[in-house]
Each structure stands twice: as structure tokens, then as C-alpha cells.
């Protein structure tokens, strides 16, 4: 099961974003703006920033998450988002005497395939252990391990990158595991930055249409919209 915990974040993140945005148009210092901005003013300013697409102030709020229980399939997808920082459990330095792994529901739904899947994963892990016993370094023995293996990592993203990544990874056409991951990231952000958390959503909600080649059905694709006009 995917586990996500927000372990560190910019204090008063939404006020920090709002104060940063005001600095560019105000003679007041950022420290003064932090004190003067009312909650209502912060909320209004964040709404204007979002609606205008002026997202650079959101970079001043950062969020650090502890993530556990995802497969290396998903961690490979995750680290493609480069405007972030990641520190992942190393298979080079951590020998995997036990091997927890993810089983997709599509495999579990076919009992014969599920049995073969478990057999294959366990066989790979057994060979890995044999290699370790034979003196092969963990950094080389790990080559045999499947991507289904669970991993853990720490991830830090700023508010702007969270908006961008969630616009892609909360799309229903993204793979199920990374969708679940960012649903939990969103839930953690909402606890400390509710306005920002509400903006973590698939891009179609902001665009008003689907810009993928095939729509999940929530919004029509751009071509379909043009045909209806």
C-alpha cells in the first residue's frame, strides 16, 4: 500500500507565496507583508495568481514527503520530474533479505497469471540471495530483481512543481499506482495549504478540455470541442 507523509514544509506556505507575489509590486518588505496580509487577502491573491497563470511565487513554498510502498516502476516515473529532489533507498547498500513487491490488480484478477507472477518474482529473489551467498556484490546481484519491488524515498517539491506534476499524474489516463501516490500527496498538502491543495488536479479541469489523444470521458478532447462549435 502506498504510504505518504508530509514530514517538512515551508512555515505558513500560502502566506509565504502571497507575500512573495506582493513584493514585486509593493514598496513594503516581505517581512512586513507576511505580517500585514489577512487570511482573506492571501486567499484572494492565490486565486488571482492561479487564474492568471502567474505561478512563479508558488516556488517559494516547498514540501518534503516520506514515501513508502511504491514499486520501482513508479519511482522511475516519479524521478522524471526534474524540478524536485529525491533520495531513494539504495539497493547497492541495503541487501534485500526480504523482498516486498507490488502486484497489479489486473494480474491478481487472473488467478493462473497471478500464481505465475508470484512464482517468477520469488524465483528472481531466490537467485538474488544465492548470488549474495556466492559473494557477488549487492550492487551487481540486484540486476536480477524485478521492478515490482517496493521502495522508499524522500521527495521535495515546491508548490509550482506540485501543481504541474499533479496536472499530469492525477489524470485518469496515468498509471494507477502513480495516481494513488499523488492523491495521497494532495491530501497531505491540503492539511497545511488548503488553497494550494485544491489546485492539485488534472490539467483538464484548468483547460476545460482534454489535450490527450484519447479522453477518459470527463472532458472532450480539443478536436471534439471544435467539431461541436
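We did not get these values from a lab; they are worked out from the coordinates using the rules stated. These numbers come from a predicted model, not from an experiment. Heads up, the Cβs are rebuilt from the backbone with ideal geometry, glycines too, and the neighbour counts pull from every protein chain shown.
Among 170-182, 122-134, how do they line up by average Cβ neighbours within 10 Å per residue, starting with the highest?
Values: 170-182: 17.8, 122-134: 14.2.
So the peptides 170-182, 122-134, ranked by packing, come out 170-182, 122-134.
Which order do 10, 103 fall in if you start with the one that has the fewest other Cβ atoms within 10 Å?
Details: 10 18, 103 13.
Lowest to highest Cβ neighbour count: 103, 10.
Rounded, prolate or oblate: pick one for region 105-144, where a ≥ b ≥ c are the square roots of the eigenvalues of its C-alpha gyration tensor, a/c under 1.5 means rounded, and failing that, prolate if a/b is larger than b/c, else oblate. Please list the in-between numbers first.
Numbers: a/c = 6.20, a/b = 3.09, b/c = 2.00.
The shape class here is prolate.
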> For the peptides 211-218, 146-153, what is the packing order when you average, over each peptide's residues, the other Cβ atoms within 10 Å and list the highest mean first?
Replying inline: 146-153, 211-218
> Shape of region 131-229 from its Cα gyration tensor (a ≥ b ≥ c, root eigenvalues): rounded if a/c is under 1.5, otherwise prolate when a/b > b/c, or oblate?
Replying inline: oblate
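Counting pairs of alpha carbon atoms under 8 Å apart in space and at least six apart in sequence, what relative contact order in percent does region 1-52 give? Mind showing how you got there, number by number?
Values: 21 pairs, mean separation 18.5, N = 52.
36 percent.
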>> Roughly how far apart, in whole Å, are the Cα centres of region 146-223 and region 32-100?
In response: 12
> Where is the GNM fluctuation largest for the chain (alpha-carbon springs, 10 angstrom cutoff): 163, 107, 70?
Replying inline: 107
>> Nearest 10 degrees is fine. How inclined is helix 13-23 to the longest principal axis of the chain, computing both from alpha carbons?
In response: 50
> What value, in deg cm²/dmol to 500, does the helix sum -39500 (n - 2.57) over DSSP H runs of n ≥ 4 give at 222 nm once divided by the residues of the chain?
Replying inline: -14500 deg cm²/dmol
> Which angle between 0 and 90 degrees, to the nearest 10, do you get for helix 176-192 versus the longest principal axis of the chain when only C-alpha atoms count?
Replying inline: 40
>> What is the angle, in °, between the Cα long axis of helix 159-169 and the longest principal axis of the Cα atoms in the chain? Nearest 10 is fine, range 0 to 90.
In response: 50
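Using the 10 angstrom Cβ neighbour count as an exposure proxy, how do 157, 83 rank, fewest first?
On the way: 157 24, 83 12.
In increasing order of surrounding Cβ atoms, one gets 83, 157.
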>> Taking 0.36 nm per residue of sequence separation and subtracting the Cα-Cα distance, how much length would be gained by fully extending the chain between residue 176 and residue 221, in nm to one decimal?
In response: 14.1 nm
> What ranking do 45, 78 get, fewest neighbouring Cβ atoms within 10 angstrom at the top?
Replying inline: 45, 78
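Please work out whether region 63-147 counts as rounded, prolate or oblate from its C-alpha gyration tensor, where a ≥ b ≥ c are the square roots of the eigenvalues and a/c under 1.5 means rounded, while otherwise a/b larger than b/c means prolate and anything else oblate? Kindly include the intermediate steps, with their values, before the conclusion.
Numbers: a/c = 2.60, a/b = 1.14, b/c = 2.29.
Since a/c reaches 1.5 but b/c is at least a/b, the shape of region 63-147 is classed as oblate.
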>> So I have [x] 1.03; [y] 1.08; [z] 0.95, and one of them is Rg/Rh (Cα atoms, Kirkwood Rh) calculated from this model. Which one is it?
In response: [y]
